[in-house]
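*Asks:* Next up is a structure, given as structure tokens.
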Amino acid sequence: MASLQGRRPVRGKIRPPQRKTNTESQFDKTWSTLANAIITIHEQKAYTLSYEEVYRCGYNLVIHKYGERLYNGVKDLIEEHLESEAEKKIVPVLGLADTSPAEGVQVLKAIQKLWKHHVTCLLMISDILVHMDKNYVPQSRLPRTYDMGLFLFRDTIIRSPKHPIHSHLQMVLLNQITMERRGDVIDRGAIKSCTEMLLEMKENNSVDSIYVSDFEVLFVETSREFYRVESDDLVRQFDPPEYMRKVESRLDEEQLRCSHYLTEKTEPKIRQIVEQEMIAKHLKNVMEMENWGLKQLLVNNRLQDLERMYRLFSRVTNGSKELQEGVSSFLKECGKAINANVRESSIENTEKGVPLGVALALRWVQEVLDLKEKFDIILVSAFAKDKSFETAINSAFESFVNLNPKAPEFMSLFIDNKLKKDFKGKSDDEVDTILNKTTTLFRFLSDRDVFERYYKQHLSNRLLHGKSISDEAERGMITKLKIECGYQFTTKLEGMFTDMRVLTDTMTSFKEFLTNAVEPPPFELNVTVLTSTFWPVPTTPVSCNLPGDFLAATRVFERFYTSRHNGRKLTWHTTMGNVDLRATFNARKHELSVSTMAAVVLLLFNNLPDGEALSYATIEQETGMPPEHLKRTLQSIACGKFKILIKEPKSRDIGDMDTFKFNAAFQEKLSRIKIQTVASKVETAVELKETQEKVEDARKHMAEAAIVRVMKNRKSLDHNNLVAEVISQLQGRFNPAPSLIKKRIEALIEREYLERAPGDRTIYNYMA
């Protein structure tokens, strides 16, 4: 066999070209087939291709290690195709965007048409290069064919370095949105297609789409400027309700815009811009506008506008707080006006020498209740029962209610009036509703101990004179007070009802006693025995010279009572009793129901000759009554509706030189006449001062009791913690000042209930 001999290398600088190997020749042939297939796909003639043949071409190139050349070749072909298409189909329409914003949509349609064709082609090309995507691409850490095609569209078309496609695309999208914001009709479908395109294309090595970097950032910036200008214009042009409707409409529009043709991820960003530019920057302007600002909306109960303001303001930082402060400020102004009316009426009546009437108290409470009801509706209908708004409203009520020093008395008078008159004919539900409203006002009181003092007085009058319409309503009110303040608050009130229950048994026993009495009273006697610790009776009874028959009757009852209750002492209070008298006039006889003091005065005229008068001085001397009680008594029987006595000179006031005579010509259709004593339903300045002094004394005792309770339990405690615990215990009755507690601590130290700890004067020790 012939042996193979090696060739000698040809010497010289010029070498003949080497022949292509069979492998390279095969690559050229295979690549040519594959390249022609890609071109055919771009020409939309893929139906002429054999999928198996072109797939085999890609497969063979990869397994023969030509993956890199294949990948780059495909990339170059796609890029060339995109550049060519941009020149032919997109660049010619770019000028339309410069000449007419409305025609600029043609740019979007051209880009979108090319995009759809490109994506379709990429899917086909990816199908024939599956083997490359599964083997070569992962090993080389390159994008898959489809992703590479998207990057090429991004860099060749959207961000073309040769043509201003990028800027025109942004301009057209923003112009179309601005046109729609101004009320024009636009092609939403074209915009939606473009935004979906931008969302599908990603940045290199990132999950973020170029939608954010190429469009959203600019969209947010231009939107901020648009709404900054528009909000300034709208605030000047429209009143607050209309302005808020515009803002709400803009928020809805932007939400729909993001939902229809942008993306939901953009919605929070654009919403924040609208809220910041149209709401946050104009909070105070909208609230304080003279025409239909917050004050006018509240005055006129514009619930829908208030609800819209609440929803919009709640969207921004401090918006809800600003609205709460505005509502609270308005409420305090209303309360200030209500209190001012009371003070003006008080001053006016004082100047006339007439004490302030109950009508003023009823009006004040009713106005506060009406205001509370109004804001309860606003809270539910406009503020969605927001707890923070409820707190602000209640705080405002508490503030102005406690600025009225007569608030505890007024509230008690209001309840007194309801329980005596207004509940007549009302159902249990209606009564409970009214009591609940009144209890709501009671919660605002800080001086609850003062209210208790007045309520006891009014309750005692209702019980003793039988003026209460319903015992069930009385007990219902006490139950509500017990729930609010605890059993200690109502212990004495419940004790008053206990005395009234015992009364029936006492009088039954007294009647049995009279059957065997040697000298029974000359008239029917009913006595109400009261426990002095429960009832608001004066320590010293008002002086009054009772007639002999009255004194004899009281002695009979005293013998009866002391025989059954050894050690108890009875004190007679003539200011709290009633007497039924039979009086004979020229026309007819009448039965008069009057106070004990009025009966004492009328009986002075019993043996007086007809037509003879008694002077005020004589009556005062005979009855022994204090002037203030005597004058009110005479007013009731000589100056009221039923003039049993005739006063000279005629006037409403009782003077020291006045004279009185029996009115024999008195006429009245009713056979039984009830004459109530004229009294000041609301305390005078002097009486108020006396009440305040009594309250202060009571508060000293309550504070000392609380201090002792705390120290007895803790044994040793520093000053600040002791004050805090005492305030906590007393807040249900009144708000004690730290200075009051400090004084009571000093008093207890002097009386050796407490002592200062050796070495530290801020610590107290309890002394057993």
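The values are calculated or read from the model by the stated rules, or taken from the named source; none is laboratory data. Values in this document were obtained by computation on a predicted structure and should not be read as measured data. Virtual Cβ from ideal backbone geometry, glycine too; neighbours counted across all protein chains shown.
*Asks:* What residue, among those in segment 309-333 that are in contact with a Leu (Cβ under 6 Å, 6 or more places away or on another chain) and among the hydrophobic types (A, V, I, L, M, F, W, C), is surrounded by the fewest Cβ atoms within 10 Å (Cβ to Cβ)?
*Replies:* In this case the residue turns out to be PHE330.
*Asks:* Can you tell which of TYR455, TYR487 is free of Cβ contacts under 8 Å to residues at least 60 places away in the same chain, aromatic (Phe, Trp, Tyr), outside the structural domain of ARG564 (by TED's automatic domain parsing) and surrounded by fewer than 16 Cβ atoms within 10 Å (Cβ to Cβ)?
*Replies:* TYR487
*Asks:* Right, here's the next one. Mind checking which residues of segment 644-667 are surrounded by fewer than 15 Cβ atoms within 10 Å (Cβ to Cβ) and either over 56 Å from the mean Cα position of the chain (by Cα) or among the charged types (D, E, K, R) (or both)?
*Replies:* GLU648, PRO649, LYS650, ARG652, ASP653, ASP656, MET657, ALA664, ALA665, GLN667
*Asks:* Quick one: which helices (runs of 4 or more DSSP H) sit completely within segment 135-242 and have at least 2 residues that are closer than 22 Å to GLN112 by Cβ?
*Replies:* 145-153, 165-181, 188-200, 217-237
*Asks:* While we're looking at this one, here's another question. Looking only at segment 537-561, how many residues end up being more than 24 Å from SER509 (Cβ to Cβ), among the polar types (S, T, N, Q) and at pLDDT 85 or above?
*Replies:* Of the residues in that region, 2 qualify.
*Asks:* Oh, and also: Checking the structure you have, find out if any residue of segment 694-717 is more than 26 Å from THR596 (Cβ to Cβ) and more than 48 Å from the chain's Cα centre (by Cα).
*Replies:* Taking every residue of segment 694-717 in turn, none turns out to be more than 26 Å from THR596 (Cβ to Cβ) and more than 48 Å from the chain's Cα centre (by Cα).
*Asks:* Residues that are of a type in the set (Ser, Thr, Tyr) and under 59 Å from the mean Cα position of the chain (by Cα): does segment 86-101 have at least one?
*Replies:* Yes.
*Asks:* Inspect segment 115-127 for any residue being within 13 Å of THR145 (Cα to Cα), in contact with a Lys or Arg (Cβ under 9 Å, 6 or more places away or on another chain) and surrounded by 15 or more Cβ atoms within 10 Å (Cβ to Cβ) and give the result as yes or no.
*Replies:* yes
*Asks:* Still on this structure, I have one more. How many residues are under 60 Å from the mean Cα position of the chain (by Cα) and farther than 14 Å from LYS661 by Cβ when one looks only at segment 592-619?
*Replies:* Residues flagged as under 60 Å from the mean Cα position of the chain (by Cα) and farther than 14 Å from LYS661 by Cβ within segment 592-619 amount to 9.
*Asks:* State all residues of segment 247-278 that are touching a Ser or Thr at 6+ places or on another chain (Cβ under 9 Å) and closer than 16 Å to TRP292 by Cβ; if no residue qualifies, say none.
*Replies:* VAL247
*Asks:* Do we have any residue at all in segment 157-180 that's modelled with pLDDT under 95, touching an Asp or Glu at 6+ places or on another chain (Cβ under 6 Å) and not charged (D, E, K, R)?
*Replies:* There is no residue in segment 157-180 that is modelled with pLDDT under 95, touching an Asp or Glu at 6+ places or on another chain (Cβ under 6 Å) and not charged (D, E, K, R).
*Asks:* Of the numbered conditions (1) at pLDDT below 95; (2) closer than 17 Å to LYS246 by Cα, GLU307 fails exactly one; give the number of that condition.
*Replies:* (1)
*Asks:* Could you say which residue among SER223, SER259 is at pLDDT 95 or above and polar (S, T, N, Q)?
*Replies:* It is SER223.
*Asks:* Turning to a different aspect of this structure: Scan (1) without any contact (Cβ under 8 Å) to a residue 60 or more places away in the chain; (2) touching a helix residue (DSSP H, G or I) at 6+ places or on another chain (Cβ under 7 Å); (3) in a helix (DSSP H, G or I) for the single condition ARG501 breaks and write down its number.
*Replies:* That leaves (2) as the condition not met.
*Asks:* For ASP499, work out the one condition from (1) touching a strand residue (DSSP E or B) at 6+ places or on another chain (Cβ under 9 Å); (2) over 20 Å from ALA553 (Cβ atoms) it doesn't fulfil.
*Replies:* All conditions pass for ASP499, except number (1).
*Asks:* So, one more: Report, by residue number, each residue of segment 721-768 that is of a type in the set (Val, Ile, Thr) and either assigned to a helix (DSSP H, G or I) or touching a Phe, Trp or Tyr at 6+ places or on another chain (Cβ under 8 Å) (or both).
*Replies:* Answer for segment 721-768, where residues must be of a type in the set (Val, Ile, Thr) and either assigned to a helix (DSSP H, G or I) or touching a Phe, Trp or Tyr at 6+ places or on another chain (Cβ under 8 Å) (or both): VAL723, VAL726, ILE727, ILE741, ILE745, ILE749.
*Asks:* In addition: When you check LYS295 against the structure, is it within 25 Å of ILE434 (Cα to Cα) and at pLDDT 90 or above, yes or no?
*Replies:* Against the criterion (within 25 Å of ILE434 (Cα to Cα) and at pLDDT 90 or above), LYS295 does not qualify.
*Asks:* Of all the strands (runs of 3 or more DSSP E) wholly in segment 507-617, which have at least 1 residues that are under 30 Å from PHE666 (Cα atoms) and of a type in the set (D, E, K, R)?
*Replies:* 578-584, 589-595
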